Every structure is written in structure tokens, then in C-alpha cells.
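Notes follow once the structure below has been shown.
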Amino acid sequence: MSRLTGKIAIVTGAGSGLGKAISESFAEQGAQVVLTDIDLVAAKNVAGAIGASAIALHQDAADEQRWDVIMQETRDAFGTPHILVNNAGLVIPGTIEDCSLDQFRKQNSVMLEGVFLGCRAAVKAMKSNDQPSSIINLSSMAALQGYSPFVAYAAAKGGVRSMTKSVALHCKEQNYPIRCNSLHPAGIDTPMVRQESVGASGAATPETGMIPLGGLGHPNDVAALCVYLASDESRFMTAGEYPVDNGALYKPA
Ligand SMILES: NC(=O)c1ccc[n+]([C@@H]2O[C@H](COP(=O)([O-])OP(=O)(O)OC[C@H]3O[C@@H](n4cnc5c(N)ncnc54)[C@H](O)[C@@H]3O)[C@@H](O)[C@H]2O)c1
């Protein structure tokens with residue numbers, strides 16, 4: 001038996017980068033996976049390559065009503081979910097001096113409100129599950145040390161970090177079978193990091209702080225931890241925060 005046999009997972013932002021790798025790893029470990037993305041074509045490509053254990057749905061993670069539809073369509077396709085990975089994201093660059101309020105709100109609507117909506121929908125759906133359930137929120141090293149070029153991004157990720165603990169503690173107090181943890185990657189080789197770290201010349205721009213010593217990580221470095229946190233192997237772990245950064249938090253580039 002594989003590590004996620006019998007589990008049903010939703011992964012947001014699953015058409016690219018980490019979400020793609022996480023979805024593929026979940027399916028490899030026996031889960032049925034609902035891949036959502038604002039880019040439906042990308043999500044469909046990933047789901048199609050996985051096969052019958054995956055479907056793709058269009059979702060803007062910041063759209064409140066859409067979350068109810070995603071939960072219902074997941075139930076219709078596979079059953080009540082046991083796993084949610086709040087992964088969808090984008091980066092809007094800007095320091096405290098040049099980030100507009102509109103940019104700050106846009107960043108936070110997807111990266112903080114979207115995670116809030118996902119956690120709320122998942123707790124509602126999963127609280128009566130008879131199998132252990134797991135919510136995994138993609139935060140960032142930015143939540144732990146700040147990122148001056150990305151003030152709105154760092155604020156959103158900081159919110160995700162503390163909200164994760166609040167969700168986890170609520171579920172524990174209510175005796176719900178739901179754990180909730182946050183991941184804090186840095187410098188994993190995805191389109192988002194390439195876009196922010198590599199200039200037009202193809203050269204790395206370390207001033208963004210996104211390329212740590214030792215080079216970039218692989219999306220599977222994050223996916224492997226997601227498999228563990230999604231599985232019952234991590235049954236005693238909740239409200240935790242887990243860097244995946246090759247030590248960059250303590251030894252920045
Ligand atoms: N790659 C890293 O090193 C790193 C570091 C820290 C945190 N993260 C976080 O990991 C997550 C995944 O990032 P990635 O590096 O794979 O980026 P990526 O750009 O490769 O993938 C992000 C995905 O999210 C989707 N998306 C964007 N806006 C959306 C929305 N409103 N609703 C639904 N989907 C939306 C995109 O279409 C894309 O498929 C993000 O939350 C990011 O902040 C990544």
C-alpha cells in the first residue's frame with residue numbers, strides 16, 4: 001500500500017512549479033487529486049499526464065464562492081477531501097517605498113485571503129472525516145526573515161504562518177481530525193523564482209535574496225515533505241512551520 005492510498009487531495013496552483021510536483025507526488029503515493037489553477041490549461045495538462053486519479057478545475061483562490069463549488073465538485077468526483085494544499089501564488093515586487101495599496105491588496109487577496117478561504121472551506125468539509133486530514137499552507141522564508149523587495153508578499157506569507165497555527169489550534173480544541181502546518185521554502189527552481197531571480201540575460205540576480213548558497217532546490221524537495229505532512233506518518237505534527245531552504249534562513253546567500 002502506498003503512503004496516501006485512500007486519500008483525496010486538493011492542490012491549488014497545481015498547473016506549475018511546486019503545485020505540479022506536489023500533485024504528481026500525491027498521485028504517485030496513491031491519492032486521488034483535484035488540481036485547481038487560475039490557468040486551467042496548465043492544470044489540465046498536469047492532470048492529464050497523471051491519469052484517471054486526477055481532475056483539473058478552474059479556480060481563482062481569492063474567489064469566495066468558487067471554494068464551495070470546488071468542494072462540491074471534489075465530492076462529486078472522488079469524495080470528501082482529506083488533504084488541502086494552499087499553494088496558489090504570485091509575486092508582486094515592491095518595497096515599502098514603491099508598493100501601491102492596490103498592489104498590496106492584490107497580493108494579499110490571493111496569498112492571504114485565498115489561504116483563509118481555503119482553510120475555512122477545508123475545515124468545514126473535513127471536520128466530520130473518519131480519516132485523519134491535513135491542511136498544508138505554502139508560506140515562505142519571507143515570513144520568517146522578511147524580504148525588502150517584496151513587502152506585500154512577505155506580509156501575506158507572515159499572515160499565512162500565524163493563521164496556520166490558529167487553524168491548527170482550533171481544530172485541536174474542537175477535537176477535529178485535522179492537522180494544519182506551514183511550509184517555508186526558499187530558492188526552489190520554479191517559474192516564479194526564475195522570473196524574480198533571473199534577469200533578461202539569464203544571469204542570477206542575488207539581490208532578490210532568492211538564490212541561496214548551494215543553488216536552487218528542486219520542486220520535489222518540497223513535494224516530499226508535503227507527502228509526509230499529508231500522510232498519517234505525521235499524525236503528531238500540527239501548528240508546525242517547516243523551512244525547505246538548504247539552510248538559507250541561517251546562512252543567506
Ligand atoms: N519556489 C520557491 O522557492 C518558493 C519559495 C517560497 C514560497 N513559495 C510559494 O510556493 C507556492 C508555489 O509557488 P511556485 O514557485 O510553484 O510558483 P509558480 O508561479 O510556478 O506557480 C504558481 C501557480 O499558482 C497559480 N496561480 C496564480 N494566481 C492564482 C490564483 N489567484 N488562483 C489560483 N491559482 C493561481 C499560477 O497559475 C501557477 O500555476 C506559492 O505560494 C509561492 O509563494 C515558493
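The values are calculated or read from the model by the stated rules, or taken from the named source; none is laboratory data. Here the structure is a predicted model, which is why all the values come from computation and not from measurement. With ideal geometry, Cβ positions are generated from the backbone for all residues, glycine too; neighbour counts draw on all protein chains shown. Just so you know, the surface numbers come from the protein's heavy atoms only, side chains and all, with ligands and any DNA or RNA stripped out. Shrake-Rupley method; radii C 1.70, N 1.55, O 1.52, S 1.80 Å.
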Determine the per residue accessible area of the chain with all protein chains present and a 1.4 angstrom probe, expressed in square angstrom.
44
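I need the calculated FRET efficiency for the pair SER100 and ARG235, taking r as the beta carbon distance and R₀ as 41 Å, to the nearest 0.05.
Working: r = 44 Å, r/R0 = 1.08.
So, using R0 = 41 Å, E works out to roughly 0.40.
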Once the dipole of the stretch 1-62 is set up with Lys and Arg at +1 and Asp and Glu at -1 on Cβ about the Cα centre, which of ALA21, ALA52, VAL41 lies farthest towards its positive end?
ALA52
Once the Cα atoms of helix 114-126 and of the chain are each reduced to a long axis, what angle between those two axes, in degrees from 0 to 90 to the nearest 10, is obtained?
20
Dipole of the chain (Lys/Arg Cβ +1, Asp/Glu Cβ -1, origin at the Cα centre): which of GLY79, LEU229, HIS170 lies farthest to the positive side?
HIS170
What are the principal axis extents of the Cα atoms in the chain, in Å, biggest first?
48, 39, 33
For LYS44, go through the lysines and keep the ones whose alpha-carbon is under 23 Å away, minus same-chain ones fewer than eight residues off.
LYS7, LYS20
Which peptide among 172-182, 6-16 comes first, and what is the full order, when sorted by highest mean count of other Cβ atoms within 10 Å?
6-16, 172-182
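Over the chain, what percent of the accessible surface lies on carbon and sulfur atoms, probe 1.4 Å? Before the final figure, lay out the partial values.
On the way: 5930 of 11220 Å².
Answer for the chain: carbon and sulfur cover 53 percent of the accessible area.
With charges set only on the Cβ (+1 for Lys and Arg, -1 for Asp and Glu), what does the dipole of the stretch 8-244 come to about its Cα centre, in debye to the nearest 20?
Details: 16 positive and 23 negative charges, 93 e Å.
It works out to roughly 440 debye.
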Could you tell me the center-to-center distance, by alpha carbons, between the stretch 214-253 and the stretch 61-85 in angstrom?
25
Taking Cα atoms, the helix 64-77 axis meets the longest principal axis of the chain at an angle in degrees (rounded to 10) of 50
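Quick check on packing: order 218-227, 100-109 by the mean number of other C-beta atoms within 10 Å, highest mean leading. Write down the numbers at each step before the final one.
Numbers: 218-227: 20.1, 100-109: 14.8.
In decreasing order of mean packing, 218-227, 100-109 become 218-227, 100-109.
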